[in-house]
Amino acid sequence: MGRPRGFDEERVIEAARDAFWAKGFDGTSTADLCEATGLNRSSLYNTFRSKEHLFHRALAHYITTMTGRQMALLDDADRDGLERIRALLEQIVDDATRVRAPGSGSGCFVVNTTTSVASRDPEIARVLAADLDRRLTGLRLAVMAGQADGSVRPDRDPEASAWYVTSVISGIRVAAQSGAERPALEAVAATAVESLRP
């Protein structure tokens, strides 16, 4: 029987996620991961095999957490369709404001990974594509719910609207990382909501 691990694996994955999130895959060294997780090199790689494997686990954890929070809003049957989208955009503004460090922020781990790693890692690309599809589906269904309850304009194509809101979300995150303050981000979100309102 193997010796039990003396650390919380989920906490280690979260610490690694934060390191990768701040510096990206290429900018994060093994020494950075050891410092972030509190593990030595042998413990780190005996558990997670490689930097690549740990990055995959960290990204999966981030996606599960963040997309789960977003889907909870988009699936909330107690809100009308437009209110679900408004609440989602409010959450995005909150998150984008919170993760921004002085000077330049960490941005969104998914956006950062999409632009820096996905093109050379087919498995990462597959994970990101599945996550995007899930989020687009949630938005499309929220738009359709809004059209059924009268809160969203009936002439808006649900698929195009889902892509539009996704693009606004990406824009909010990049703008926040570039230094936009909360009032500007809130104005962008409000404009998106108004574009869907009847």
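With farther than 21 Å from F55 by Cβ, at pLDDT 95 or above and either not basic (K, R) or not in a helix (DSSP H, G or I) (or both) as the only criterion, which of A175, A180, A87, A96 stands out? Reasoning before the result, please.
Numbers: A175 fails: at pLDDT 95 or above; A180 fails: at pLDDT 95 or above; A96 fails: at pLDDT 95 or above.
Result of the check over A175, A180, A87, A96: A87.
Taking segment 33-51 on its own, how many of its residues are within 22 Å of A118 (Cα to Cα) and either loosely packed, with under 12 Cβ neighbours inside 10 Å or modelled with pLDDT under 90 (or both)? It would help to see each step written out before you state the result.
Here is the first cut: in segment 33-51, the residues within 22 Å of A118 (Cα to Cα) are 33, 48-51.
So of that shortlist, the ones also either loosely packed, with under 12 Cβ neighbours inside 10 Å or modelled with pLDDT under 90 (or both) come out as 48-51.
Of the residues in that region, 4 qualify.
The conditions are (1) over 21 Å from T191 (Cβ atoms); (2) in contact (Cβ under 8 Å) with a residue 24 or more places away in the chain; (3) of a type outside the set (G, A, S), and V168 fails exactly one of them. Which is it?
Unmet for V168, out of (1) over 21 Å from T191 (Cβ atoms); (2) in contact (Cβ under 8 Å) with a residue 24 or more places away in the chain; (3) of a type outside the set (G, A, S): (1).
Any chance segment 100-108 includes a residue that's among the basic types (K, R) and surrounded by fewer than 19 Cβ atoms within 10 Å (Cβ to Cβ)?
First pass over segment 100-108, keeping only residues among the basic types (K, R): 100.
Within this subset, residues satisfying the condition of being surrounded by fewer than 19 Cβ atoms within 10 Å (Cβ to Cβ) are none.
Within segment 100-108, none of the residues are among the basic types (K, R) and surrounded by fewer than 19 Cβ atoms within 10 Å (Cβ to Cβ).
Applying the selection to segment 144-172, what residues are outside any helix (DSSP H, G or I) and either closer than 12 Å to L89 by Cα or not hydroxyl-bearing (S, T, Y) (or both)?
Taking segment 144-172 as the starting set, the residues that turn out to be outside any helix (DSSP H, G or I) are 150-157.
Across segment 144-172, the qualifying residues are G150, V152, R153, P154, D155, R156, D157.
Checking Y164 against (1) within 27 Å of R98 (Cβ to Cβ); (2) hydroxyl-bearing (S, T, Y); (3) in contact with a Gly (Cβ under 9 Å, 6 or more places away or on another chain): exactly one of these is not met. Which one?
Going through the list (1) within 27 Å of R98 (Cβ to Cβ); (2) hydroxyl-bearing (S, T, Y); (3) in contact with a Gly (Cβ under 9 Å, 6 or more places away or on another chain), Y164 breaks only (3).
Please find, within segment 145-162, the residue that is nearest to M66 (Cα to Cα) out of those that are surrounded by fewer than 16 Cβ atoms within 10 Å (Cβ to Cβ) and among the aliphatic types (A, V, I, L, M). Can you show your working first?
Of all residues in segment 145-162, those surrounded by fewer than 16 Cβ atoms within 10 Å (Cβ to Cβ) come to 148-150, 153-155, 157, 159-160.
When the remaining residues are screened for being among the aliphatic types (A, V, I, L, M), the result is 148, 160.
Numbers: A148: 27, A160: 23 Å.
Filtering segment 145-162 for residues that are surrounded by fewer than 16 Cβ atoms within 10 Å (Cβ to Cβ) and among the aliphatic types (A, V, I, L, M), the one nearest to M66 (Cα to Cα) comes out as A160.
Hey, can you tell me all the residues within segment 107-130 that are of a type outside the set (V, I, T), assigned to a helix (DSSP H, G or I) and under 11 Å from the mean Cα position of the chain (by Cα)? So that I can check it myself, show each step before the final result.
Pass one, segment 107-130, residues of a type outside the set (V, I, T): 107-109, 112, 116, 118-123, 125-126, 128-130.
Cutting the leftovers down to assigned to a helix (DSSP H, G or I) gives us 109, 112, 116, 118-120, 122-123, 125-126, 128-130.
Correct list: F109, N112, L128.
Select, from A77, A60, A22, A72, the only residue that is under 28 Å from L136 (Cβ atoms), of a type in the set (A, V, I, L, M), at pLDDT below 90 and surrounded by fewer than 20 Cβ atoms within 10 Å (Cβ to Cβ).
Working: A77 fails: at pLDDT below 90; A60 fails: at pLDDT below 90; A72 fails: at pLDDT below 90.
None of the other options fit; the residue is A22.
The values are calculated or read from the model by the stated rules, or taken from the named source; none is laboratory data. Not measured: the values here are computed from a predicted model. Reconstructed Cβ throughout: ideal geometry from the backbone, glycine too, with neighbour counts over all protein chains shown.
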